[in-house]
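Only the coordinates and a few stated rules stand behind these numbers; no lab work does. These numbers come from a predicted model, not from an experiment. With ideal geometry, Cβ positions are generated from the backbone for all residues, glycine too; neighbour counts draw on all protein chains shown.
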Amino acid sequence: MEKRQDSKRFEHTLGVEYTAAALAMRYDCDVWAAQIAGLLHDCAKCLTDEKRLSICKRNKIPITAVEKKNPFLLHAKVGAYLAQKKYGIKDEDILSAIRSHTTGRQNMSTLEKIVFIADYIEPGRTHAPSLAEIRKLAFVDLDRAFLRILEDTLDYLNETGGDIDPMTEETWKYYKGL
């Protein structure tokens, strides 16, 4: 990854790997799988929008209307594809953790939630709402931390007028209802 990402993105990647490993130890999840998913979660982040769109079209990866308008959002789906095809990852839980690390999805595994949360709370992050509180909560109640991140993300996008991926809203509604 160090050769594929700019230095800032690689520093973030290492932070996610580290945080995912710590959360995996806390929640009795496969630490190796968490580290691999953390390392590869942004493997398509430094590609151009055109390249991500091209990979999706060539490989019949579905693109939502929001993703078409904001192709940078495709880095999760393209990242899962690259993790499998380029980096040889066969473990579906790792691939799914990469694929869902930005929007979440219903019925997420512990590993998927760990990578989603680790991406938000890794040590290099400084500007997310309620970050200190969520960092503590992540090691106390994974599900509550996950839901809180979804809520903060939706609040932020609503306040700034950003496009909301429907999957993020669906994920929030699903977990809010549990």
Calculated [θ] (222 nm, deg cm²/dmol) that DSSP helices of n ≥ 4 give over the chain, each run adding -39,500 (n - 2.57): -19500 deg cm²/dmol
Can you give me the distance in nm between label points at Asn59 and Asp155, each placed 7 Å from the Cα along the Cα-to-Cβ direction? 3.6 nm
Let me spell out the model: positive unit charges on the Cβ of Lys and Arg, negative unit charges on the Cβ of Asp and Glu, origin at the Cα centre of the chain. What dipole size does that give, in debye rounded to 20? 720 debye
Tell me the net charge near Ser100. Cut-off is 10 Å between Cβ atoms, Ser100 excluded, with +1 for each Lys or Arg and -1 for each Asp or Glu. +3
Just subtract the alpha-carbon distance of Asp49 and Asp30 from 0.36 nm times their residue separation and send over the number in nm, one decimal. 3.6 nm
Net +/- balance of residues flanking Ala132 in space, Cβ distance below 13 Å, scoring K and R +1, D and E -1: +2
Taking only the alpha-carbon positions of the stretch 7-176 and ignoring solvent, what does the Debye formula give for the base-10 log of I(q)/I(0) at q = 0.09, 0.10, 0.11 Å⁻¹? -0.27, -0.34, -0.41
So what is the relative contact order for the chain, in percent, with contacts set as C-alpha pairs under 8 Å and at least six apart? 22 percent
Please name which of Pro62, Gly104, His12 has its Cα lying farthest along the dipole of the stretch 7-176 towards the positive end, using unit charges on Cβ (Lys, Arg +1; Asp, Glu -1) and the Cα centre as origin. Pro62
